[in-house]
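S.K.: Pasting in a structure now, in structure tokens, and then I'll have a few things to ask.
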Amino acid sequence: MIGTGILKGMAVTARNFVGSYFEKERLITVQYPEERIPLPENYRNFPILIYDNDPEAGLRCVACKICEKECPPQCIYITKSDDKKPDYMGKPQFYPKVFDIDISVCMSCQICVEVCPFEAIKMDKDFELSKRERFDALLLRKEELSKSNEYYHRIHPVEAAAVDTNLAEAAAAAQAKKKAAAAAAAAKPTPVTPNPTTTSAPGSTSVPGATPPESSSSPTKS
């Protein structure tokens, strides 16, 4: 019959059109902000700083300023501290006295995350950051950027688990190296320094420290 293919195609179109209003998995919009679509694992917005347990003492950042130097739009501002604190391996490190990010300039390129050797800076998923002012309100300070490792696990569970594994392995390797160095130092023999007062003269047969014996030969008479 002529036109059967057209009728079948229109039936598919009608079925999809009606289904888009009643089948929830096919709805293309949600009632935001009451309804929200879960963000994917690799979604990123602006950088944050990760800390363990304590926002100050547990901050992973050591103020090396690599991210500040590598940032293409130069939106990161860091001031290094004057004193040091131990990092996750127990090694004394500097920390940022000031760490600011201007999110009005940041382009979410994630280069700061890729160059950080301490797993200290990661990308957040929070996108509801609109402000009434353009300048100071969009300059995020260290206190606003600092997020706990638990928060990092909530927004990037797979990535955070891999990072924790790497940090644990690095800490274990450093501890094993430290123990091996201590054991090697303990096993090394201590050199004995000879006492000059008890050293016998070359060719002498007397006991060190004893009075040398008198000569048995008599003097030759002329």
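S.K.: Among the listed residues Glu143, Glu150, identify the single one that is free of Cβ contacts under 8 Å to residues at least 24 places away in the same chain and either surrounded by 15 or more Cβ atoms within 10 Å (Cβ to Cβ) or within 17 Å of Pro47 (Cα to Cα) (or both).
M.R.: On the way: Glu143 fails: free of Cβ contacts under 8 Å to residues at least 24 places away in the same chain.
Only one candidate passes the filter, namely Glu150.
S.K.: Further, regarding this structure: Restricting attention to the range 89-117, report how many residues are under 16 Å from Ser146 (Cβ atoms) and not aliphatic (A, V, I, L, M).
M.R.: Selection size over the range 89-117: 7.
S.K.: Between residues in the range 38-62 that are closer than 9 Å to Ser146 by Cα and residues that are surrounded by fewer than 17 Cβ atoms within 10 Å (Cβ to Cβ), which pairs lie under 7 Å by C-beta distance while being six or more apart or on different chains?
M.R.: Note: pairs meeting the criteria are Tyr51/Gly58; Tyr51/Ser148.
S.K.: With surrounded by 10 or more Cβ atoms within 10 Å (Cβ to Cβ) and over 27 Å from Asp102 (Cβ atoms) as the only criterion, which of Gly19, Gly58 stands out?
M.R.: None of the other options fit; the residue is Gly19.
S.K.: Is it true that some residue in the range 104-112 is buried (at least 17 other Cβ atoms within 10 Å of the Cβ), of a type in the set (Val, Ile, Thr) and modelled with pLDDT of 90 or more?
M.R.: Scanning the range 104-112 turns up no residue that is buried (at least 17 other Cβ atoms within 10 Å of the Cβ), of a type in the set (Val, Ile, Thr) and modelled with pLDDT of 90 or more.
S.K.: Same structure, new question: Looking at the range 93-113 only, could you name the residues that are free of Cβ contacts under 8 Å to residues at least 40 places away in the same chain and touching a strand residue (DSSP E or B) at 6+ places or on another chain (Cβ under 6 Å)?
M.R.: From the range 93-113, those free of Cβ contacts under 8 Å to residues at least 40 places away in the same chain are 93-95, 97, 102, 104-105, 107, 109; that's our starting set.
Hits for the range 93-113 are Phe94, Tyr95, Lys97, Asp102.
S.K.: Out of all the residues in the range 114-140, which are β-branched (Val, Ile, Thr) and free of Cβ contacts under 8 Å to residues at least 60 places away in the same chain? So that I can check it myself, show each step before the final result.
M.R.: So the first thing to find is which residues in the range 114-140 are β-branched (Val, Ile, Thr), and the list is 115, 121.
Answer for the range 114-140, where residues must be β-branched (Val, Ile, Thr) and free of Cβ contacts under 8 Å to residues at least 60 places away in the same chain: just Val115.
S.K.: Report yes if some residue within the range 160-169 is part of a loop (DSSP other than H, G, I, E, B) and surrounded by 15 or more Cβ atoms within 10 Å (Cβ to Cβ); otherwise report no.
M.R.: Within the range 160-169 (the criterion being part of a loop (DSSP other than H, G, I, E, B) and surrounded by 15 or more Cβ atoms within 10 Å (Cβ to Cβ)), the answer is no, since none of the residues qualifies.
S.K.: Quick check: is even one residue across the range 27-43 aromatic (Phe, Trp, Tyr), modelled with pLDDT of 95 or more and surrounded by 11 or more Cβ atoms within 10 Å (Cβ to Cβ)?
M.R.: Scanning the range 27-43 turns up no residue that is aromatic (Phe, Trp, Tyr), modelled with pLDDT of 95 or more and surrounded by 11 or more Cβ atoms within 10 Å (Cβ to Cβ).
S.K.: Then there's this: Identify all residues within the range 1-59 that are acidic (Asp, Glu) and over 30 Å from Phe94 (Cβ atoms); write none if there are none. Show your work before the answer.
M.R.: Narrowing the range 1-59 to residues acidic (Asp, Glu): 23, 25, 34-35, 41, 52, 54, 56.
If the condition is that a residue be acidic (Asp, Glu) and over 30 Å from Phe94 (Cβ atoms), then Glu23, Glu25, Glu34, Glu35, Glu41 are the ones that fit.
S.K.: A further question follows. Could you count how many residues in the range 73-89 are under 14 Å from the mean Cα position of the chain (by Cα) and without any contact (Cβ under 8 Å) to a residue 60 or more places away in the chain? Please lay out each step first, then the result.
M.R.: Pass one, the range 73-89, residues under 14 Å from the mean Cα position of the chain (by Cα): 86-89.
Remaining after also requiring without any contact (Cβ under 8 Å) to a residue 60 or more places away in the chain: 86-87.
Of the residues in the range 73-89, 2 are under 14 Å from the mean Cα position of the chain (by Cα) and without any contact (Cβ under 8 Å) to a residue 60 or more places away in the chain.
Let's see how each residue does on (1) within 19 Å of Ala162 (Cβ to Cβ); (2) among the charged types (D, E, K, R):
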site: Glu34; (1), (2): no, yes
site: Arg44; (1), (2): yes, yes
site: Cys75; (1), (2): no, no
site: Lys97; (1), (2): no, yes
site: Met107; (1), (2): no, no
site: Gln110; (1), (2): yes, no
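S.K.: Could I ask something else about it? Exactly one of (1) surrounded by 11 or more Cβ atoms within 10 Å (Cβ to Cβ); (2) more than 19 Å from Ile66 (Cβ to Cβ) is unmet by Cys116. Its number?
M.R.: All conditions pass for Cys116, except number (2).
S.K.: Ok, one more. State yes or no: is Ala57 at pLDDT below 95, assigned to a helix (DSSP H, G or I) and hydrophobic (A, V, I, L, M, F, W, C)?
M.R.: No.
The values are calculated or read from the model by the stated rules, or taken from the named source; none is laboratory data. Just so we're clear, the structure is a prediction, and the values are computed from it rather than from any experiment. Every residue, glycine as well, gets a Cβ built from its backbone with ideal geometry; the counts of neighbours run over all protein chains shown.
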